[in-house]
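The values are calculated or read from the model by the stated rules, or taken from the named source; none is laboratory data. Fair warning: this is a prediction, and the values are worked out from it, not measured in the lab. Neighbour counts run over all protein chains shown; Cβ positions are idealised from the backbone, glycine included. With ligands, DNA and RNA removed, areas are computed over all heavy atoms of the protein, side chains included. Shrake-Rupley method; radii C 1.70, N 1.55, O 1.52, S 1.80 Å.
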Amino acid sequence: MVSRTATSRTGERRHRVRAIIRWTLAGLLVFSGLGHLSWARRGYRVAVPDWVVEIGRTDKDAVVVASGAVEVMLGAALVALPGERSKVGAGVAAFFLAVFPGNLHQWRTGRSAPLLRTDRARFIRLFLRPVLIVAALWSTRRD
C-alpha cells in the first residue's frame, strides 16, 4: 500500500519536472524564434522547402520571419498563460509537427543552417522532433 505522503511527493515531483520541461521548451522557442528574426534569419531559409513558398505564394524569408514570430509567441504563452496551458501545449506540438517538413527537407538536401552543420546533426534533429512534441503535450497537461 502506498501512503498518501508518498503519492503526494510523487505528484509534486511530477509537477516540478513538467514545469522544468515547460520552461525549457519556452526558452528554446523564444531563443530559436529570435534567431529566425535576427542573427540566424538567412541561415534558416535553407530549411524552407520550395513547395511551401509555392503554396503560400510568398518567399522563404517571409516564412522564416513568420515562423520566428510564432515561436516567440508560443514560448511566451507557455509561461504567461497558465490558465490556457493545455491549449498552448497543443499549439506548440502542432507547430513542431508543422515545421517537420522543413527539417526533413534540410536533412535531405544536406544544407547547413545555424547549429546544424553536419548530416548527423540534421538527422538527429529528425528524431528529436517527436520527443519535443511529446514533451510539449506532457508538460502542459492537467492532472
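Among the residues of region 26-38, are any closer than 18 Å to THR140 by Cβ, small (Gly, Ala, Ser) and free of Cβ contacts under 8 Å to residues at least 12 places away in the same chain? No, that holds for no residue. Assess whether LEU104 counts as being of a type in the set (A, V, I, L, M), without any contact (Cβ under 8 Å) to a residue 24 or more places away in the chain, in a helix (DSSP H, G or I) and surrounded by 12 or more Cβ atoms within 10 Å (Cβ to Cβ). Judged against the criteria, LEU104 is a match. In the set (1) open to solvent by 30 Å² or more (accessible area, probe 1.4 Å); (2) assigned to a helix (DSSP H, G or I), the condition left unmet by ARG111 is number (2). How do the pairs read when you match residues in region 116-130 that are open to solvent by 30 Å² or more (accessible area, probe 1.4 Å) with residues anywhere that are of a type outside the set (Asp, Glu) and assigned to a helix (DSSP H, G or I), using Cβ under 6 Å and keeping only pairs 6 or more apart or on different chains? Listed pairs, sorted by first residue: PHE123/TRP107; ARG125/ASN103. For region 53-61, the count of residues that are among the polar types (S, T, N, Q), at pLDDT 95 or above and either more than 21 Å from LEU126 (Cα to Cα) or open to solvent by 60 Å² or more (accessible area, probe 1.4 Å) (or both) is zero.
Scanning region 73-94 for residues that are open to solvent by less than 40 Å² (accessible area, probe 1.4 Å) and touching a residue at least 40 places away in the same chain (Cβ under 8 Å) returns LEU74, GLY75, LEU78, VAL88, GLY89, VAL92, ALA93. Filter region 15-52 down to the residues that are outside any helix (DSSP H, G or I) and open to solvent by 20 Å² or more (accessible area, probe 1.4 Å), then identify the one that is modelled with the highest pLDDT. Here the residue is SER38.
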